[in-house]
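One structure is given below, encoded as structure tokens.
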Amino acid sequence: MRLILLAAPGAGKGTQAEMLSEHYGIPSISTGAILRKNISEGTELGKIAAEYINDGKLIPDDLMIKVMDERFKQDDCKNGFILDGFPRTIAQAEALSASDIVIDKVLSLEVDDETIVERLGGRLECKSCGATYHTEHRTPKIEGKCDKCGGELGVRSDDKPETVRERLKTYHAQTEPLIEYYREKGLLCVAKGRSEIADTSKAVLEALEA
Ligand code: ADP
Ligand code: ZN
């Protein structure tokens, strides 16, 4: 299974990607996690990415396409994968469709903007493994510590309100057109995000298995 997840920032795409990764036994590839790892390690890519991410903008297509070309070559991709964050523009989708990778399905997870702004307000992220939590909706077992790896939890620098609004604008302008793009290719499934994670997971699996 080669699956693309499309959703606005904060829609719960990462959480669903993790669920699907376990369900299908294939890796979930988060472009945001790749970029943030590069930022924390201070790589060349990280230095460039930091400027765009902190402004709520997308990093340039050619750079992102190069990063993903490398990622797809890794061994764990051979039985399929879930793409969380790629493609995010028509140009990236065109590059993917010109490659030898065949996408089976594209899932669009729909959540309204109001819900997103509220959710991102309380989001916490593990600084070591990137797992996400929420101060109200998804609290860790031990405050401030990651359930999975024990790492320290913190607020992502691009989750501040001004940047969140900019990220939503970027999403509507650059990523939302991919919904029609993949609908025309006959690959699109749609699920509505719910307030409970378990309900969203159920809707996602139903949409994919329909
Ligand atoms: P979210 O979906 O919540 O915005 P991500 O972790 O997926 O968070 O992405 C964080 C940031 O990384 C994005 O706002 C963008 O700046 C950058 N980014 C991630 N994926 C891409 C991509 N495919 N193309 C360009 N920029 C990207
Ligand atoms: Zn962790």
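Specify the residue that is farthest from THR163 (Cα to Cα); the eligible residues are those in region 115-130 that are of a type in the set (A, V, I, L, M, F, W, C) and in contact with a Pro (Cβ under 9 Å, 6 or more places away or on another chain).
Of everything passing the filter in region 115-130, CYS126 is farthest from THR163 (Cα to Cα).
Exactly one of (1) in contact with a strand residue (DSSP E or B) (Cβ under 8 Å, 6 or more places away or on another chain); (2) away from ligand 1 (no atom under 13 Å from the Cβ); (3) not in a loop (DSSP other than H, G, I, E, B) is unmet by VAL102. Its number?
Unmet condition: (3).
How many residues are buried (at least 19 other Cβ atoms within 10 Å of the Cβ) and either more than 10 Å from ligand 1 (Cβ to nearest atom) or on the phi < 0 side of the Ramachandran plot (or both) if we restrict to region 46-57?
Count: 3.
Does ASP69 qualify as being part of a helix (DSSP H, G or I) and surrounded by fewer than 20 Cβ atoms within 10 Å (Cβ to Cβ)?
The answer is yes for ASP69.
Condition first: surrounded by fewer than 15 Cβ atoms within 10 Å (Cβ to Cβ) and of a type outside the set (D, E, K, R). Now tell me which residues in region 102-116 satisfy that.
Listed by number, the list holds a single entry, VAL102.
Filtering region 88-99 down to residues that are in a helix (DSSP H, G or I) and within 17 Å of the chain's Cα centre (by Cα), which residue is farthest from ARG71 (Cα to Cα)?
ILE90
Of the numbered conditions (1) closer than 18 Å to ALA131 by Cα; (2) under 17 Å from the mean Cα position of the chain (by Cα), PHE72 satisfies every one except a single condition; which is it?
Looking at each condition in turn, PHE72 falls short on (1).
Say we look at region 127-144 and pick out the residues that are within 13 Å of ligand 1 (Cβ to nearest atom) and in contact with an Asp or Glu (Cβ under 8 Å, 6 or more places away or on another chain); which of these is nearest to GLY56 (Cα to Cα)?
Going through the qualifying residues, I end up with THR132.
Would you confirm, using the coordinates I've provided, whether GLY144 is over 15 Å from the mean Cα position of the chain (by Cα) and at negative phi?
Spelling it out, it is not the case that GLY144 is over 15 Å from the mean Cα position of the chain (by Cα) and at negative phi.
Does ALA131 qualify as being within 30 Å of ALA210 (Cβ to Cβ), touching a residue at least 60 places away in the same chain (Cβ under 8 Å) and surrounded by 13 or more Cβ atoms within 10 Å (Cβ to Cβ)?
Here the answer is yes, as ALA131 does meet what is asked.
Working only within region 152-165, note down all residues that are surrounded by 17 or more Cβ atoms within 10 Å (Cβ to Cβ) and either within 16 Å of ligand 2 (Cβ to nearest atom) or modelled with pLDDT of 90 or more (or both).
LEU153, ARG156
Could you tell me whether GLU143 is acidic (Asp, Glu), assigned to a loop (DSSP other than H, G, I, E, B) and exposed (fewer than 13 other Cβ atoms within 10 Å of the Cβ)?
So GLU143 fits the description; yes.
The values are calculated or read from the model by the stated rules, or taken from the named source; none is laboratory data. Here the structure is a predicted model, which means the values were calculated and not measured. Virtual Cβ from ideal backbone geometry, glycine too; neighbours counted across all protein chains shown.
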